[in-house]
Amino acid sequence: MIDAANYDQVETLKNGCAVRIRSIRADDKNSISEAFRNLEPESVYARFFYHKKTLTDAELKAVTEVDFEEAVALVVAIGAGENETIIGVGRYVASEDASAQRSAEVAFTVEEDYHGQGIASLLLRHLASIAREKGLSCFEAEVLSE
């Protein structure tokens, strides 16, 4: 059984860089806030479908304090300890549709310097593994047409 709340795996990006894929934690608020500030406006718009400059305290709490049952969030980080930098986040939130199938909405954000390195694919694979164990049958995502 996968322990989503204590998830921690090492992977290698396409460029050979080693990264940790781990569960998000409540103490990640500052790191998430910093990562968000470093995103280009286009990346923010692609993730939220509108422009915004900062995450509110309520948004940071919602992002970092998940139950790991109905919502699961993983980060991709380089470095360790005080030198750890979050370069990607993936999450899903489970729901039940009219046919009583359990599915989840999934979303990703990847820091621009790491685009094209397979981070979203890695996150999707790890989230899917957790979701299967929790009885989810599919992911859904809202995306912009462009």
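The values are calculated or read from the model by the stated rules, or taken from the named source; none is laboratory data. Everything numeric here is computed off the predicted structure, so don't read it as measured data. Here the Cβ positions follow ideal geometry from the backbone for every residue, glycine too, while neighbour counts run over all protein chains shown. These accessible areas exclude ligands, DNA and RNA; they are computed on the full protein's heavy atoms, side chains included. Shrake-Rupley method; radii C 1.70, N 1.55, O 1.52, S 1.80 Å.
Figures for the structure shown
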read-out: Cross-link reach list, lysines versus Lys52, counting only Cα pairs under 16 Å and skipping chain neighbours closer than eight places; value: none
read-out: Gaussian network model of the chain, Cα within-10 Å springs - most flexible of Leu74, Leu123, Leu55; value: Leu55
read-out: The chain, accessible surface, carbon-and-sulfur percent (1.4 angstrom probe); value: 49
read-out: Heavy-atom surface of the chain, accessible at 1.4 Å and reported per residue (Å²); value: 57
read-out: Cleavage-rule hits (chymotrypsin sites (Phe, Trp or Tyr not before Pro)) in the range 22-93: DSSP loop, at most 13 neighbouring Cβ within 10 angstrom; value: Phe49, Tyr50
read-out: Over the range 1-83, relative contact order from alpha-carbon pairs under 8 Å, at least 6 apart, %; value: 36
read-out: Hz values of 3J(HN,Hα) by residue in the range 5-16 - Karplus curve (6.51, -1.76, 1.60), Gly and Pro given as x; value: 5, 10, 5, 7, 9, 9, 9, 10, 6, 4, 7, x
read-out: In Å, descending, principal axis extents of the Cα set of the range 1-64; value: 36, 29, 19
read-out: Whole-Hz couplings from phi, Karplus 6.51/-1.76/1.60, listed for the range 125-139; x for Gly and Pro; value: 4, 5, 5, 5, 4, 5, 4, 4, 5, 8, x, 7, 9, 7, 10
read-out: Set of aspartates and glutamates with alpha-carbon distance to Lys53 below 20 Å, sequence-local pairs under 8 removed; value: Asp28, Glu34, Glu40, Glu42, Glu111, Glu112, Asp113
read-out: Overall form of the chain per C-alpha gyration tensor (a/c, 1.5; a/b vs b/c); value: rounded
read-out: Cβ-Cβ FRET estimate between Glu40 and Met1, R0 fixed at 30 Å, reported to 0.05; value: 0.20
